Amino acid sequence: MIIQLSPNVTSEEKKAILAKLDDLKIKANIVSTQFKNYIVGIPKTDFDIRSIGTMKGIADIHCVSDAYKLVSKKWKVNNTIIDLGNNVTIGGKELAIMAGPCSIEGEKQIEHTVQHLLKNNIKIMRGGVYKPRSSPYAFRGMGMDGLKLFYKHCSENGIKVITEVMQVSQVEEMIDYVDIFQVGARNSQNFNLLDALGSVDKAVLIKRGMSGTIEELLASAEYVFSNGNEKIMLCERGIRTFENAYRNTLDLNAVPILKEKSHLPVIVDPSHGIGLRQHVATMALAGVMSGADGIIVEVHENPEIAFSDGQQTLYDGQAESLYKKLRATKELVNSF
Ligand code: PEP
Ligand code: MN
């Protein structure tokens, strides 16, 4: 059960609601986000919602049977639109395109990518500075020095930054240089990290874990929301299956299902999803057709010498032709 408190609820009214829940043996979780105040009640047995619903201080009340509650579409029927400022939004009619290298490699590369994005009217640049790598000998990112350069060039040009955060202690040091925190597939169920990202007012993109179910992804989003941050997007980036003809199995079934179950924007990552440059564009377009609100894609001026994920990274020219097709496809989807 979710109770949304009135904006002008008094502390007496709140106390009375909590006392009532206590009487009914309903465990109450108080959730205060950057936008609203809620009480998420977990009842053990059936109860009559009318016994609470008429109390003063309640703006809205609803029973949500799903394991996840605040991110459920049963609670909030209108799709969430995340506002990053400067007219950059995610979740509306316009497709959100996030593009950039797998890893931030240096100032020249950042400058080149920024020019590429400006030329193509792309408002969000991706790039990792903390890289989760299977081998400890692989390039693991430029860290904070790279992030500061990345943010400097982007903010000077009106471009928003999305980058991966790998551990709780990085949240604080990164926060002033990030517009969207990316939670990578390997950290999709790092609950301490999700808790920490719930207490900041920055957008969070949560990738689906390699063997994560849709319900688990939604539960991860619930961690962030219930800790106080409503600016969340969900990302399908492929799961690990028996198939080894490609890097991962991009599960586009997840897109309509996530859109049905949740009000949060859904982003598709075709680069990690298929892992083969020659098929990234096709899967990106399929992602838009399946209902995605955005696409995150890897692009590099010379993928052959990229420090990571070169095999799945688009050349500038390929990306440019993809952006046009993505936008045209989104128009088509909007017209259905
Ligand atoms: C990335 O975005 O470069 C990345 C490491 O993604 P994932 O967590 O999906 O593997
Ligand atoms: Mn990558």
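Observations
- Restricting the stretch 79-109 to residues that are among the β-branched types (Val, Ile, Thr) and within 16 Å of ligand 1 (Cβ to nearest atom) leaves a set whose member that is surrounded by the fewest Cβ atoms within 10 Å (Cβ to Cβ) is ILE97.
- Members of the stretch 21-34 that are surrounded by 15 or more Cβ atoms within 10 Å (Cβ to Cβ) and either in contact with a helix residue (DSSP H, G or I) (Cβ under 6 Å, 6 or more places away or on another chain) or on the phi > 0 side of the Ramachandran plot (or both): ALA28, VAL31
- Taking the stretch 95-108 as the range and being under 21 Å from LEU314 (Cβ atoms) and among the acidic types (Asp, Glu) as the test, only GLU105 passes.
- Among residues of the stretch 240-288, those that are hydrophobic (A, V, I, L, M, F, W, C) and within 16 Å of ligand 2 (Cβ to nearest atom), counted: 8
- Breaking point among (1) assigned by TED's automatic domain parsing to the domain that holds GLY291; (2) touching a helix residue (DSSP H, G or I) at 6+ places or on another chain (Cβ under 8 Å); (3) not in a helix (DSSP H, G or I), for ASN87: (2)
- Within the stretch 133-161, the set of residues being surrounded by 15 or more Cβ atoms within 10 Å (Cβ to Cβ) and assigned to a loop (DSSP other than H, G, I, E, B) comprises PHE139, ARG140, GLY141, MET142, ILE159.
- Test: GLU230 is of a type in the set (Asp, Glu) and either in contact (Cβ under 8 Å) with a residue 40 or more places away in the chain or within 16 Å of ligand 1 (Cβ to nearest atom) (or both): yes
- Candidates GLY310, GLY228, GLY291, GLY317 - the one that is farther than 30 Å from ASN37 by Cβ, of a type in the set (Gly, Ala, Ser), surrounded by fewer than 23 Cβ atoms within 10 Å (Cβ to Cβ) and within 16 Å of the chain's Cα centre (by Cα): GLY291
- Taken over the stretch 201-225, residues that are of a type in the set (A, V, I, L, M, F, W, C) and over 12 Å from the mean Cα position of the chain (by Cα) amount to 3.
- Of all residues in the stretch 231-248, those that are under 15 Å from the mean Cα position of the chain (by Cα) and β-branched (Val, Ile, Thr) total 1.
- Among residues of the stretch 306-331 that are assigned by TED's automatic domain parsing to the domain that holds ALA286 and at positive phi, none has a beta-carbon under 9 Å from a residue that is of a type in the set (Val, Ile, Thr) and at pLDDT 95 or above at least six positions away or on a different chain.
- Qualifying residue in the stretch 140-150 (condition: away from ligand 1 (no atom under 15 Å from the Cβ), under 29 Å from HIS263 (Cβ atoms) and either in the same structural domain as GLU320 (by TED's automatic domain parsing) or under 14 Å from the mean Cα position of the chain (by Cα) (or both)): no
The values are calculated or read from the model by the stated rules, or taken from the named source; none is laboratory data. Here the structure is a predicted model, which means the values were calculated and not measured. Cβ sites come from the backbone with ideal geometry, for glycine too, and all protein chains shown count toward neighbours.
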